[in-house]
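What follows is one structure encoded as structure tokens, with my remarks underneath.
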Amino acid sequence: MTALRICLAASEMAPFAKTGGLGDVCGSLVTYLTKHGHDVRAFLPLYGRIDASALMPVGFVRDVPVELGGRTFTFSLRAGRHGGPGGPLVYFVDCPALFGGRDEIYSQQGDEHLRFAMLSRAALESCQRMGFAPDIVHAHDWHTALMPLYVRTLYSWDRLFARTRSVLTLHNLAYQGAFPFARAAETGLGPVAHMLHQDEARAGRFSFLTTGLLWADALTVVSPTHAREVQTPEHGFGLDALLRARGVVGILNGIDHDVWDPSRDAHLPARYSPNDLSGKAVCRAELLRETGLAPTPGGPVFGVVSRLTAQKGFELFQEALLPVLASRDVRIVCLGSGSREIAGMLGDMARAFPRKFAFREGYDERMAHRIEAGADAFLMPSLFEPCGLNQMYSLRYGTVPIVRKTGGLADTVRLYDRRTGDGTGIVFDHFTAQGLRWAAETAVRLFADRAVWRSIQLQGMAEDNGWDRRIGEYESLYRRLAAG
Ligand code: ADP
Ligand code: GLC
């Protein structure tokens with residue numbers, strides 16, 4: 001099979017920049033596509049928080065001017081290895097005026113549209129200077145969703161892109177990158193304003209995501225169930241008609257077995273495997289100790305690692321879980337950052353049950369791994385979930401996922417069935433406090449039967465959600481497009 005040339009640009013790429021699953025997935029795509037022999041050029045902003053000292057300047061991409069909003073910004077390119085020496089190269093767009101000097105990845109300042117228009121433009125400008133003719137431009141979420149239209153318009157004069165096809169992966173339709181229509185011209189799309197979504201334009205709006213939905217050659221979401229969901233008015237975030245018209249395929253995310261593996265995970269106080277789970281007991285005891293919770297030999301420890309947003313189902317927590325905390329011997333360890341309001345609510349729960357409920361506010365990679373390993377069960381009562389990665393990490397860590405039947409959660413967790421003995425987790429249907437409470441109580445009951453619990457753990461650990469199995473679906477899609 002011939003190798004493909006792929007240009008991938010995204011706002012997050014683990015381990016360099018990550019706030020959620022987008023970072024994990026884009027980091028993994030670079031690793032696994034490269035591993036499968038493809039020539040991948042991956043672009044990420046050089047955010048202020050990224051340590052630039054180990055990055056090499058790319059001599060032939062220096063002080064490149066890009067006109068945005070009547071101003072000329074310049075960028076230079078730096079390169080670093082993903083995963084250390086020998087890993088694939090990642091290119092960093094060094095534009096201090098837009099990315100440096102601020103700590104956060106997403107900013108509240110008025111130039112967010114310019115920042116991500118710059119990322120897309122810089123990726124294409126760099127391809128030109130590298131003489132790299134991509135077979136595929138792969139954009140992710142709203143941040144790089146202008147790339148498909150850029151390739152068809154601003155850059156169409158360049159024969160380098162004559163055979164380029166574009167893919168837009170929608171990780172989360174809740175974020176659309178919508179701005180007042182006047183901003184469209186500032187991204188360089190003024191001369192082709194007729195190619196923007198005309199209903200939105202009439203309403204005075206311009207959205208990065210809709211532009212990508214109109215002009216990408218192929219659209220994907222990150223699970224088959226979510227692909228069906230987003231084409232319905234209830235779950236389409238206002239884009240269902242367009243998605244039905246254009247068509248969208250679901251390609252399930254995978255997980256990186258090198259980063260998430262309990263037998264090799266350096267973040268853990270002890271390591272373990274399906275053959276010997278004794279290390280998991282050490283992780284559990286250590287998790288309770290470090291979060292100040294009381295030991296519990298008899299009841300389960302529930303873990304939560306999440307962005308604090310409405311998507312993740314926190315509104316069900318108090319009504320569903322306070323009664324369980326009051327009446328059962330359970331522990332809950334929760335790590336998250338985001339909404340002040342949700343953090344406040346979780347803080348209240350911790351104050352109400354100081355020896356049973358721990359809340360750590362913040363973003364902490366090490367703690368995320370220690371919760372995955374130390375918890376008995378993992379809670380993901382999401383309102384919607386395009387795919388979700390933590391339930392797959394949980395399966396691999398022998399931590400029984402408790403999920404709502406939506407999106408990728410429905411595709412990756414099988415409800416345990418007492419009659420057949422089959423199943424990898426606990427799945428509830430309705431987004432209600434009763435549903436979550438039922439699921440938590442079911443976990444308490446199943447946990448009490450050690451043999452049953454062990455069999456659920458081992459069935460989960462035997463699942464293979466690795467990227468090696470999934471990457472082929474992206475390859476086939478790329479090849480179909482490149483041949484067309
Ligand atoms: P989403 O992308 O919607 O946030 P996913 O389940 O796909 O949900 O991915 C979340 C990723 O972000 C996981 O790798 C998870 O461990 C990580 N994560 C989320 N919140 C935190 C946090 N507070 N600290 C450390 N890691 C976090
Ligand atoms: C989004 C979704 C999540 C998905 C991740 C990576 O942030 O919320 O479900 O796993 O992207 O695709």
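The values are calculated or read from the model by the stated rules, or taken from the named source; none is laboratory data. None of the values given here were measured: they were computed from a predicted structure. Positions of Cβ are generated from backbone atoms using ideal geometry, with glycine treated the same way; all protein chains shown enter the neighbour counts.
Per the listing Arg396, Arg370, Arg404, the residue uniquely among the charged types (D, E, K, R), more than 16 Å from ligand 2 (Cβ to nearest atom) and out of contact with any Lys or Arg (no Cβ under 6 Å at 6 or more places or on another chain) is Arg370.
Scanning region 1-48 for residues that are over 15 Å from Asn253 (Cα atoms), within 16 Å of ligand 1 (Cβ to nearest atom) and in contact (Cβ under 8 Å) with a residue 12 or more places away in the chain yields Ala10, Ser11, Glu12, Pro15, Phe16, Ala17, Thr19. Taking the listed residues Leu55, Leu33, Leu29, the one that is at pLDDT 95 or above, more than 25 Å from Trp142 (Cβ to Cβ) and aliphatic (A, V, I, L, M) is Leu55, with no other qualifying. Kindly indicate whether any position in region 161-177 is without any contact (Cβ under 8 Å) to a residue 40 or more places away in the chain and within 16 Å of ligand 1 (Cβ to nearest atom). Scanning region 161-177, I find at least one residue that is without any contact (Cβ under 8 Å) to a residue 40 or more places away in the chain and within 16 Å of ligand 1 (Cβ to nearest atom), so the answer is yes. Scanning region 281-306 for residues that are within 16 Å of ligand 2 (Cβ to nearest atom) and in a helix (DSSP H, G or I) yields nothing.
What pairs can you find where one residue is in region 60-76 and assigned by TED's automatic domain parsing to the domain that holds Gly190 and without any contact (Cβ under 8 Å) to a residue 40 or more places away in the chain, the other is among the small types (Gly, Ala, Ser) and surrounded by 14 or more Cβ atoms within 10 Å (Cβ to Cβ), and their Cβ atoms are less than 9 Å apart, with a gap of 6+ or different chains? Close Cβ pairs satisfying both conditions: Arg62/Ser76; Asp63/Ser76; Arg71/Ala97; Thr74/Ala97. Of the residues examined, Leu268 is not one that is in contact with a Pro (Cβ under 8 Å, 6 or more places away or on another chain), more than 14 Å from Thr399 (Cβ to Cβ) and part of a loop (DSSP other than H, G, I, E, B). Filtered by the rule that a residue be among the acidic types (Asp, Glu) and either part of a loop (DSSP other than H, G, I, E, B) or without any contact (Cβ under 8 Å) to a residue 24 or more places away in the chain (or both), region 429-458 gives Asp429, Asp449. Within region 326-342, the set of residues being part of a helix (DSSP H, G or I) and surrounded by fewer than 18 Cβ atoms within 10 Å (Cβ to Cβ) comprises Ala326, Ser327, Arg340, Glu341. Among the candidates Glu125, Glu112, the residue that is in contact with a strand residue (DSSP E or B) (Cβ under 7 Å, 6 or more places away or on another chain) and among the acidic types (Asp, Glu) is uniquely Glu125.
Among the residues of region 282-311, just one is among the basic types (Lys, Arg) and within 14 Å of ligand 1 (Cβ to nearest atom), namely Arg307.
So for region 300-319 (the condition being farther than 24 Å from Gly425 by Cα and touching a residue at least 40 places away in the same chain (Cβ under 8 Å)), does at least one residue qualify? So far as region 300-319 goes, no, none of its residues is farther than 24 Å from Gly425 by Cα and touching a residue at least 40 places away in the same chain (Cβ under 8 Å).
Counting residues in region 351-360 that are modelled with pLDDT of 95 or more and either in the same structural domain as Ala17 (by TED's automatic domain parsing) or among the acidic types (Asp, Glu) (or both) gives zero.
Does region 406-419 include one or more residues that are hydrophobic (A, V, I, L, M, F, W, C) and either modelled with pLDDT under 95 or surrounded by fewer than 24 Cβ atoms within 10 Å (Cβ to Cβ) (or both)? Scanning region 406-419 turns up at least one residue that is hydrophobic (A, V, I, L, M, F, W, C) and either modelled with pLDDT under 95 or surrounded by fewer than 24 Cβ atoms within 10 Å (Cβ to Cβ) (or both). Considering region 137-166, and only residues there that are under 21 Å from the mean Cα position of the chain (by Cα) and of a type in the set (A, V, I, L, M, F, W, C), the residue that is surrounded by the fewest Cβ atoms within 10 Å (Cβ to Cβ) turns out to be Trp142. Of the residues that make up region 155-164, is at least one β-branched (Val, Ile, Thr) and in contact with a His (Cβ under 9 Å, 6 or more places away or on another chain)? No: region 155-164 contains no residue that is β-branched (Val, Ile, Thr) and in contact with a His (Cβ under 9 Å, 6 or more places away or on another chain).
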